[in-house]
Structure formats: C-alpha cells, structure tokens
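Participant: Sharing a structure with you now.
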Amino acid sequence: METMRYTENKKSSKGVAIGLFLFILIGGVLIFLAMKSEKDPVIIGEKKSDIQKLVELDASSLEAEKEKNASIKYEIKDRSIEDNTNKKITGKITLPEIYVEGIVLADVNDSIEKDYSDTFAGLKEQMGSAENKFQYLVSYTYYDNMVGSKKVVSIVINQKIIDLANSETTMEKINTYNVDLVNKAKISQSEIARGILGVDYKTILRSKVLNYVVENQMMSEDDFTYTITGLENFYIKENKLYIIFNPEELVDKKYGILEIEIDK
C-alpha cells in the first residue's frame, strides 16, 4: 500500500512582525513631529497687555458714548395755564415743555400737564363752597446732570394753595419728573440710584433717611419702619441724589417737605 504524504504549508510570521514594527515606528515619528510643531494654546486675556487692551477699549467706548450724550441739545419752555372760572379758587400754573434736538416730547409734556390739570379740577370741585378765596400756584425748576453715560434732566415742580384772605400757604407739595434725554422718556428712581450709589442703593437710601429723621429728632430709630419703595420723588442736582418726602409721607406733617441728600 502506497503511503500518502502531505505537507502543511504555514505562512511565515516574519512579514507580519516587520510590518507591525514599521507601523509603530512611523506612527511614533509622525506623532512626535506633530506635537513638536503644534503651538501652545493661547488663553484670551492671559497676558497683561491683552487685559489692558480690553479695559482701554471699553473705557474708550464708554467715554465716547458719554461725550456724545453730553452734547445733546435740549430746551425747556414755559407752558402757562391760568384758570379763573371758579370764584373760590383760581389757578396759575406754569409747567415745563421739553424739547430734545428741536423735537417736542409730547408724551412726557402731556403726562405732566395732566397731573396738574386733574389736581386743579378736583380742587375746584372741593372748594366751590369755601368761605375764603384761594389760589392754586404751580411753578418749576430744573437741573441737568450726567449719570454714567446718561444725560438726565430733573424737573422739580412745586405746588401751593394760598389762602388769599391772609396770604397763608395752606398746602405745599413737591413732585419730580426725571427725563432721560437719550431715550426721550422718564427714568425710574432705581436706574438713577443704581448709577449713583451702586447695586446696594436701597440699603444706602434707607440708612440715609433713617439717619436724617433720627438726627433731626423727628422719629426714634425704634419707631422707624419705613422701607424704600422706589416710588419716592427724587431729583439730581450737581450729580447728587435727593429724595423728597411730602408732608405726612414719612413723619408728622409739622415738619413740612423733607429733601434729603443721599451720598455713599
């Protein structure tokens, strides 16, 4: 019987080993070259000069905006109203009429006029049967200031009722209107106070009001419970903030109108 022989052919492992070695070698060289040529990451603001440039750019932009807004032209004219239709009380009212860059601020002006025309209409109805004759007087002053980059006009309006029989002031009250000339609209107490006093303006306001009434012996610290509402009348004069309390709003009306200067 003839013996059958066969041989098992095995693939050589030398080629695989050489290929793997070359792959690792070439890969390692490429990674090394890539790492060597890669630039270090740059963090914005890492260098002092970068931070300084950003600060200077921001300050420059703010200053440019401030100069632009400071140059805004405005005019305030008298709007005079006299009313003698009631025998017991006459009205002599002088109110501001605001123009910005030659354009009348109709919404603001009409809003102010309505406040006092409505007040006088109510007085005529209430005092129609009064014994003496009275006069309702309204006048105003105004101040302009820069608060940050905002140009703000503060209008302080004083109203009085005069008993003509003895020339006695029977009522006096102050209202204020603060107008942002950039936006051509009224601006709130919080916006102004934050710009002048910072984010803690409510705490500062309350503290200053408390100190004022206590130092002037109007109220003891234990009795002081007032919390700033943001609705108080206020105005700015020479870049200083003033809060106004009319009679009976804070303390007994015998103290009259309180104008409290608020600083840091």
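The values are calculated or read from the model by the stated rules, or taken from the named source; none is laboratory data. Computed from a predicted model, the values in this text were never measured in an experiment. Cβ: placed from backbone, ideal geometry, glycine included. Neighbour counts: every protein chain shown. Surface accessibility is based on the protein's heavy atoms, side chains included, excluding ligands, DNA and RNA. Shrake-Rupley method; radii C 1.70, N 1.55, O 1.52, S 1.80 Å.
Participant: Taking 8 Å as the Cα distance limit and 6 or more residues as the minimum spacing, I'd like the relative contact order of the range 60-127 as a percentage. Could you put the intermediate results ahead of the total?
Facilitator: On the way: 64 pairs, mean separation 18.6, N = 68.
Reported as a whole number, the value is 27 percent.
Participant: Give me the net charge for the shell around Glu97: Cβ to Cβ below 11 angstrom, other residues only, Lys and Arg +1, Asp and Glu -1.
Facilitator: On the way: positive: Lys77, Arg79; negative: Glu75, Asp78, Asp110, Glu113.
That sum, taken over residues with Cβ under 11 Å, equals -2.
Participant: Related question: At a 10 angstrom cut-off on C-beta neighbours, averaged per residue, how do the peptides 231-244, 121-134 rank from highest to lowest?
Facilitator: Numbers: 231-244: 17.6, 121-134: 13.4.
Output ranking for 231-244, 121-134: 231-244, 121-134.
Participant: Here's something else I'd like to know. Probe of 1.4 angstrom, ligands and nucleic acids ignored: what's the accessible area per residue over the range 121-264, in square angstrom?
Facilitator: Numbers: 7720 Å² over 144 residues.
The answer is 54 Å² per residue.
Participant: Please compute the length gained on full extension between Lys186 and Asp107, using 0.36 nm multiplied by the number of residues separating them and subtracting their Cα-Cα distance. Spell out each step's value before the answer.
Facilitator: Numbers: separation 79, 0.36 × 79 = 28.44 nm, distance 0.98 nm.
Length gained between Lys186 and Asp107: 27.5 nm.
Participant: Explain nothing, just the number: relative contact order of the range 109-261, from Cα pairs under 8 Å at least 6 residues apart, as a whole percent.
Facilitator: 18 percent
Participant: Take the cross-link list Lys186/Lys253; Lys151/Lys237; Lys160/Lys186 and give me the ones stretching past 22 Å between alpha-carbons.
Facilitator: Details: Lys186/Lys253 29 Å; Lys151/Lys237 12 Å; Lys160/Lys186 24 Å.
Violating the 22 Å Cα-Cα cut-off are Lys186/Lys253; Lys160/Lys186.
Participant: Report the gain in length on full extension from Gln217 to Met146: 0.36 nm times residue separation, minus Cα-Cα distance, nm rounded to one decimal. If you can, show how the numbers build up before the last one.
Facilitator: Details: separation 71, 0.36 × 71 = 25.56 nm, distance 3.43 nm.
So the chain would gain 22.1 nm between Gln217 and Met146.
Participant: Within the accessible area of the range 82-134, what % is carbon and sulfur when the probe is 1.4 Å and the other protein chains stay in place? Let's see the in-between values first.
Facilitator: Working: 1380 of 3060 Å².
The computed percentage sits at 45.
Participant: Ignoring ligands, DNA and RNA, how do Ile76, Ile103 rank by accessible area with a 1.4 Å probe, largest first? Intermediate results must be reported in sequence, preceding the final value.
Facilitator: Details: Ile76 25, Ile103 100 Å².
Reading off the accessible areas and sorting them downward yields Ile103, Ile76.
Participant: Post the alpha-carbon centroid distance, the range 138-197 to the range 71-91, in whole angstrom.
Facilitator: Here the answer is 16 Å between Cα centres.
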